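**Student:** Before anything else, here's the structure in question.
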Amino acid sequence: MFENQEKQHNTAALEAVLDPFAIAAGLLRNDIPVLLPLILVLASSSVFQGLYAAEGWAELGTFMSLDRLLQLGVVSFIVLRWRRKLAHTKGKLGSPLVAVMRIIIAGFFVWGVLTLPVVAASLSATAWAPSLFIFIFFIGVFWSFRFYFYFAAFGLLGGTLRDACRATLSLGRKDPMAAVRSLVAPIAVTALVVGMLSYPSPDGRSLFWATASSAAEGIFWILATYTGLACALILIDESAWRTAGLDPYRRERLRTLEAQGRASRFNWLSPRSGAKIFLVALCVIVGNLIQGFSMPPAADIKVQKWDAHNHGVSVVLELSDTHYHFRGFNPYAFSLKSQTGFPVSAGIAKVSLTPGGEQLSGMLPTAPGPLKLYLDFTSNKTEESLKGLDNMYLWYNLKALMPLKIEENRAPSTSTQDRPGHTAE
């Protein structure tokens, strides 16, 4: 009894003295030689997806699963690398392959708990189902934070699966906010880098910048692994630490990493520094959104036909985009307004690629075109009122493209966007 109390006291003293984010910086400092290869591994999936666009839910799900497999592989590599460095008694930590498989399986389980309710809510046909699935999603978020340190427990402590799961839940109960604090700086830094790489092409039309910003998302997995691992190194019980055969000079080893971290270039992983970085990232993201919504579409747009009916307007567009192949083009960004921006329609009721066809889900196919787009707008005005309007314009986000004079229904209007090699007509 007294021995257990002493171990708990030692662990509590360790938590009070050491700074997990300085330790994370020390871990990063020691792993500088492997950081670039890890970033390239994570970026490879984004590059592949940028060059080969997924068609259909099956391909998209396959790409996302492979992407998550790479991410969990990198997490496993970092944890097992430090397991080897901290190991004192060989053989007590079990098979590295078993640890990797456990981390990957648990990672996919957590991903499924967070993803499946959202997908089910978006696909459900009944009115009450989305609320139920969203409720399940929030329960999943709560338990995912309780189970957050699974990668550290599975990779560092070994033992049976039941023991590893118990150790994981124990870490989550010891400091319920540790997982949240460990995520602040990784999220902020990733948001800032992604926002900066998105600035040259905020709507995603440029394949290079869209791929670069997507590849930068791998930074989150690397930083979050190190901050989470550092928190776990402090929170692990002394008895579990010794049973796993880890370094008996735990306090001294962690103090060394802490000192190295404070003197390194990575000494900005604390939640306070992360909050400051996030404010800068928020400014960059807001600037990107404003710029993206203010840009004209890259595609050449011709209005082939338009017609008014009671409480609605139908518009047929011919689109072509030989330069960007409709990357970043949002078919749901169209609206009908006056020249000054006063709404004429309530919104788009339907977008399809064929007359009377199925509702278009997602973006347009990546092809140069030309292709036709059928838009149905809803309105609270009658057919006579709509036909009498002489100040109705087709808008794309915050940009007025061309006037629509329904009562005349003249030759098709044309909008050739401002981009290199093109002049507006």
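The values are calculated or read from the model by the stated rules, or taken from the named source; none is laboratory data. Since the model is a prediction, treat every value here as computed from it, not as a measurement. No Cβ is skipped: glycine too gets one built from the backbone with ideal geometry, and neighbour counts run over all protein chains shown.
**Student:** Within region 290-308, identify whether any single residue is touching a Lys or Arg at 6+ places or on another chain (Cβ under 8 Å), more than 28 Å from residue 210 (Cα to Cα) and not assigned by TED's automatic domain parsing to the domain that holds residue 122, and answer yes or no.
**Tutor:** Yes.
**Student:** Being under 26 Å from residue 271 (Cα atoms) and either outside the structural domain of residue 80 (by TED's automatic domain parsing) or buried (at least 17 other Cβ atoms within 10 Å of the Cβ) (or both) narrows it down to one residue among 172, 204; which is it?
**Tutor:** 172
**Student:** Is there any pair linking a residue in region 248-259 that is more than 15 Å from residue 31 (Cα to Cα) and in the same structural domain as residue 31 (by TED's automatic domain parsing) to one that is among the aromatic types (Phe, Trp, Tyr) and part of a helix (DSSP H, G or I), with Cβ under 8 Å and at least six apart or on different chains, and which?
**Tutor:** 250/241
**Student:** Same structure, new question: Hey, residue 180 hits all of (1) in the same structural domain as residue 46 (by TED's automatic domain parsing); (2) crowded, with 17+ Cβ neighbours inside 10 Å but one; which does it fall short on?
**Tutor:** Result: residue 180 fails condition (2) only.
**Student:** Among (1) hydrophobic (A, V, I, L, M, F, W, C); (2) touching a strand residue (DSSP E or B) at 6+ places or on another chain (Cβ under 7 Å); (3) over 30 Å from residue 249 (Cβ atoms), where does residue 138 come up short?
**Tutor:** (2)
**Student:** Filter region 17-40 for residues that are within 26 Å of residue 109 (Cα to Cα) and surrounded by fewer than 18 Cβ atoms within 10 Å (Cβ to Cβ) and give the result.
**Tutor:** Of everything in region 17-40, those that are within 26 Å of residue 109 (Cα to Cα) and surrounded by fewer than 18 Cβ atoms within 10 Å (Cβ to Cβ) turn out to be 39, 40.
**Student:** Follow-up. With the requirement that a residue be under 21 Å from the mean Cα position of the chain (by Cα) and exposed (fewer than 14 other Cβ atoms within 10 Å of the Cβ), what does region 136-160 give you?
**Tutor:** Passing the criteria: 138, 139, 141, 142.
**Student:** Right, here's the next one. Report, ordered by the first and then the second residue, all pairs with beta carbons closer than 7 Å, sequence separation of six or more or different chains, a first member in region 69-90 that is at pLDDT below 90, and a second member that is hydroxyl-bearing (Ser, Thr, Tyr) and surrounded by 20 or more Cβ atoms within 10 Å (Cβ to Cβ).
**Tutor:** none
**Student:** Another question, then. Could you list all residues from region 236-283 that are surrounded by fewer than 18 Cβ atoms within 10 Å (Cβ to Cβ) and of a type in the set (Val, Ile, Thr)?
**Tutor:** Within region 236-283, 243, 256, 280 meet the criteria.
**Student:** Could you tell me which of the residues 65, 95 is at pLDDT 75 or above, farther than 18 Å from residue 217 by Cβ and assigned by TED's automatic domain parsing to the domain that holds residue 136?
**Tutor:** It is 95.
**Student:** If you check 308, 298, which single one turns out to be touching a residue at least 40 places away in the same chain (Cβ under 8 Å), buried (at least 18 other Cβ atoms within 10 Å of the Cβ) and within 21 Å of residue 343 (Cα to Cα)?
**Tutor:** 308
**Student:** Look through 241, 268 and report the one residue that is in contact with a helix residue (DSSP H, G or I) (Cβ under 8 Å, 6 or more places away or on another chain), in a helix (DSSP H, G or I) and among the aromatic types (Phe, Trp, Tyr).
**Tutor:** Exactly one residue qualifies, and that residue is 241.
**Student:** With respect to the numbered conditions (1) touching a Ser or Thr at 6+ places or on another chain (Cβ under 8 Å); (2) on the phi > 0 side of the Ramachandran plot; (3) without any contact (Cβ under 8 Å) to a residue 24 or more places away in the chain, which one is the sole condition not fulfilled by residue 369?
**Tutor:** (3)
**Student:** Now for a different question. Can you report the number of residues in region 280-306 which are more than 21 Å from the chain's Cα centre (by Cα) and not small (Gly, Ala, Ser)?
**Tutor:** The number of residues fulfilling the criteria is 10.
**Student:** Hey, among 53, 106, 125, which residue is farther than 25 Å from residue 36 by Cα, at pLDDT 90 or above and small (Gly, Ala, Ser)?
**Tutor:** Result: 106 is the single residue among 53, 106, 125 that is farther than 25 Å from residue 36 by Cα, at pLDDT 90 or above and small (Gly, Ala, Ser).
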